[in-house]
Structure formats: C-alpha cells, structure tokens
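A.B. asks: A single structure is presented below for examination.
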Amino acid sequence: MKHYLSGRLNVNLVGLRLANPTMLASGILGYSAETLESIAESGAGAVVTKSVGLKPQKGYANPTVVQANCGLINAMGLPNSGIDEFVNEIRLAKTVLHAPLVVSVFGFSEEEYATVAKKAAEVGADAIELNVSCPHVKETGSEIGQNPEILAKVVWNVKAAVDKPVFVKLSPNVTDIADIAESAVKAGADALTAINTVKAIAIDTETFMPILSNKRGGLSGPAIKPIAVRCVYDIYERVKVPIIGCGGITNWRDAIEFLLAGASAIQIGTAIAIKGCNVFKTITHGMEAYLKRKGFKSVNEIVGLSHHS
Ligand code: SIN
C-alpha cells in the first residue's frame with residue numbers, strides 16, 4: 001500500500017492496516033470517490049464515507065449548518081443517493097484509494113442496516129461503520145443507539161450479514177455511554193467510534209426563531225472535545241475492543257489526548273472545514289515528534305496510558 005510506511009504511527013485496527021491513526025470522520029466530504037481519494041492523499045490513514053441508507057434521501061432544507069462558538073451545529077437529514085447508486089462510488093473509490101475505506105451506513109430497521117451493510121461490503125468496503133447516533137433524524141440514528149436492546153439487534157443482524165469488521169458509532173446523548181458500548185460489543189461490534197455530535201440548537205435573536213430548518217442539530221468541533229475524551233475514557237474502562245476517538249480534534253495534542261484516554265485511532269471532521277485537508281499532515285507530524293520526544297517506538301504504546309499512570 002502506497003501510504004503504509006513501517007514506523008511509529010502504523011496501526012492495525014481490527015485487521016485494517018493504517019499508515020497512521022488519523023481517519024476522515026463520516027459526515028463531511030465523504031460523498032465521492034474523488035474527495036475520499038484526495039483526503040487519503042492529504043495523509044489520512046483511513047477514510048469513512050458519508051452515511052448511506054437503503055433509499056435515496058434528500059435531507060433537510062437549508063440552512064443545514066450554523067456556526068457556534070468553538071464548533072458547528074449541523075442538521076443535514078442524512079442526505080444520500082441510496083446504496084444501489086452509492087455502490088458505484090464505493091467500487092470507484094476502491095480502484096483509486098491507497099488507504100482503507102470504511103462505509104458508514106444507517107437504516108430504519110435492523111434489516112435495512114444489514115441490507116445496506118451487505119451491499120457495501122460486497123463491492124469492497126473494508127469495514128462498515130454503523131451510524132446509530134445521528135441525533136435528529138426520526139426512527140434511525142440515536143433513536144436506535146440510545147436503546148441497548150434495539151442497538152444489539154441491529155449490530156447482531158449486520159454481523160450476520162457481512163464478513164468485514166463492524167464499527168459502531170456511539171451517541172453522547174445518553175445517560176451512560178459505557179452501558180451502550182457494552183451492549184454493542186456483546187452483540188458483536190469489532191470496534192467503537194466515540195462520539196457523534198451533541199444535540200444542540202441555535203436561535204436567531206432578530207427573528208426569535210431557531211436557525212436550522214430542522215431546529216435541532218448536532219454540535220461538533222472543539223466545543224465537544226472534553227465530552228468526547230471523557231466518553232472514550234469511560235468506554236475504555238468497560239470494554240476490550242478498539243475505540244476510535246472522534247470529536248473536536250484539531251491539533252496533534254488533541255489526538256494524543258484521545259489516545260491516552262484509550263482510543264486506538266482518531267477521526268477528524270469539523271477541523272477540515274476550519275483548517276483544510278492539511279490538518280492530517282500537521283497532526284501526524286506533531287504526533288510523530290511527540291512520540292519521539294517521549295521515547296515511544298510505536299503509537300500503540302500510549303493507548304490508554306492515562307488509566308495506568
Ligand atoms: C446529518 O446528515 O444530518 C448528520 C449525520 C449525523 O449526525 O450522523
């Protein structure tokens with residue numbers, strides 16, 4: 001693989017070989033093979049697509065994104081072309097990508113999740129990430145991921161349908177994320193992504209009305225980083241599968257913090273909107289320099305270190 005260099009930052013994530021622990025998070029720039037490839041070329045160790053469902057979905061009307069202090073609030077409504085169209089993009093991505101391709105899927109029932117995941121895996125997805133955490137689309141996302149029994153059924157069905165690693169992207173909008181993590185792992189999840197956005201709202205003081213057309217959205221960016229680090233920390237203490245940290249990572253120090261909390265890899269989303277695609281290189285160079293300075297031979301040596309010292 002072009003980007004697989006033997007070195008401190010190499011990670012084996014449930015069988016996926018990543019040149020470094022950074023990944024493109026689902027939800028931003030993940031619609032086309034071309035953009036996925038340009039993100040991988042920018043230095044991401046793996047890429048995750050925008051979430052795809054069984055049928056085409058237009059999403060919500062504008063505005064779908066609003067800036068908040070230290071972050072963005074979005075409610076796009078899971079717009080996507082449907083899996084039967086999206087398989088072409090997956091096939092194309094596989095011909096150009098030199099990094100693992102993770103396809104994010106959602107559904108309105110356990111059967112739908114399984115059908116979409118199966119179709120994505122059949123055309124070459126290296127892993128599946130289950131979106132059980134979108135905080136504002138009815139009858140999917142966090143409505144599934146907030147209920148341990150329903151979540152377990154979804155994970156179990158997907159695991160029975162595909163022979164690729166299954167990641168479960170968890171919602172922070174729950175009482176105890178570690179309980180939910182445990183339920184996903186018992187049902188067969190190979191890895192957990194923590195976290196999706198935090199349910200949020202922004203109101204226009206001139207019109208007196210919520211700004212987003214859907215009113216409620218999900219907050220991402222630096223504002224949620226301490227919440228995400230705490231979630232990773234809690235999950236690490238409860239389950240044994242790898243955790244992929246996500247939420248507000250904008251520099252190498254953020255990335256290291258997630259690894260110390262227990263993440264084996266990290267995902268970057270909102271920082272690309274703020275800093276551009278170069279963020280992958282600046283973060284990995286910073287991580288490499290940190291590991292060298294601290295005397296670690298591999299990034300894997302620092303995973304969960306904050307629990308032991
Ligand atoms: C959206 O498409 O509205 C966001 C998806 C998500 O939060 O998972």
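A.B. asks: Which condition number does residue 244 fail, the rest of (1) away from the ligand (no atom under 16 Å from the Cβ); (2) among the hydrophobic types (A, V, I, L, M, F, W, C); (3) in contact with a Phe, Trp or Tyr (Cβ under 9 Å, 6 or more places away or on another chain); (4) over 28 Å from residue 63 (Cβ atoms) being met?
C.D. replies: Failing condition for residue 244: (1).
A.B. asks: On to the next question. Name the residue that is farthest from the ligand (Cβ to nearest atom), counting only residues in region 99-132 that are of a type in the set (Val, Ile, Thr) and outside any helix (DSSP H, G or I).
C.D. replies: Among residues in region 99-132 that are of a type in the set (Val, Ile, Thr) and outside any helix (DSSP H, G or I), the one farthest from the ligand (Cβ to nearest atom) is 123.
A.B. asks: Kindly indicate whether any position in region 248-262 is surrounded by fewer than 21 Cβ atoms within 10 Å (Cβ to Cβ), in contact with a strand residue (DSSP E or B) (Cβ under 9 Å, 6 or more places away or on another chain), β-branched (Val, Ile, Thr) and part of a helix (DSSP H, G or I).
C.D. replies: no
A.B. asks: Would you point out the residue of region 184-201, among those that are surrounded by fewer than 18 Cβ atoms within 10 Å (Cβ to Cβ) and within 15 Å of the ligand (Cβ to nearest atom), that is nearest to the chain's Cα centre (by Cα)?
C.D. replies: Among residues in region 184-201 that are surrounded by fewer than 18 Cβ atoms within 10 Å (Cβ to Cβ) and within 15 Å of the ligand (Cβ to nearest atom), the one nearest to the chain's Cα centre (by Cα) is 199.
A.B. asks: Now, a different point. For the condition buried (at least 21 other Cβ atoms within 10 Å of the Cβ), more than 13 Å from the ligand (Cβ to nearest atom) and of a type outside the set (A, V, I, L, M, F, W, C), what is the one hit in 164, 153?
C.D. replies: Every option except 164 fails the conditions.
A.B. asks: Looking only at region 134-142, decide whether some residue is at pLDDT 95 or above, over 17 Å from the mean Cα position of the chain (by Cα), within 16 Å of the ligand (Cβ to nearest atom) and assigned to a helix (DSSP H, G or I).
C.D. replies: No; the residues of region 134-142 include none that is at pLDDT 95 or above, over 17 Å from the mean Cα position of the chain (by Cα), within 16 Å of the ligand (Cβ to nearest atom) and assigned to a helix (DSSP H, G or I).
A.B. asks: Go through region 22-48 and count every residue that is under 20 Å from residue 12 (Cα atoms) and free of Cβ contacts under 8 Å to residues at least 60 places away in the same chain.
C.D. replies: Total satisfying the criteria: 3.
A.B. asks: Report whether or not residue 212 is in contact (Cβ under 8 Å) with a residue 60 or more places away in the chain and surrounded by 14 or more Cβ atoms within 10 Å (Cβ to Cβ).
C.D. replies: Judged against the criteria, residue 212 is a match.
A.B. asks: Could you pull out every one of the strands (runs of 3 or more DSSP E) wholly within region 30-95 that has 2 or more residues that are over 20 Å from the mean Cα position of the chain (by Cα)?
C.D. replies: Strands (runs of 3 or more DSSP E) meeting the threshold: 65-68.
A.B. asks: Continuing with the same structure: Restricting the search to region 35-89, which residues are at positive phi and more than 15 Å from the ligand (Cβ to nearest atom)?
C.D. replies: Once the filter is applied, which keeps residues that are at positive phi and more than 15 Å from the ligand (Cβ to nearest atom), region 35-89 yields 43, 70.
A.B. asks: For the subset of region 8-26 comprising residues that are surrounded by 18 or more Cβ atoms within 10 Å (Cβ to Cβ) and outside any loop (DSSP other than H, G, I, E, B), which member is farthest from the ligand (Cβ to nearest atom)?
C.D. replies: It comes out as 11.
The values are calculated or read from the model by the stated rules, or taken from the named source; none is laboratory data. As the structure is a computational prediction, the values presented were derived from the model and not from experiment. Cβ atoms come from the backbone with ideal geometry, glycine included; neighbour counts cover every protein chain shown.
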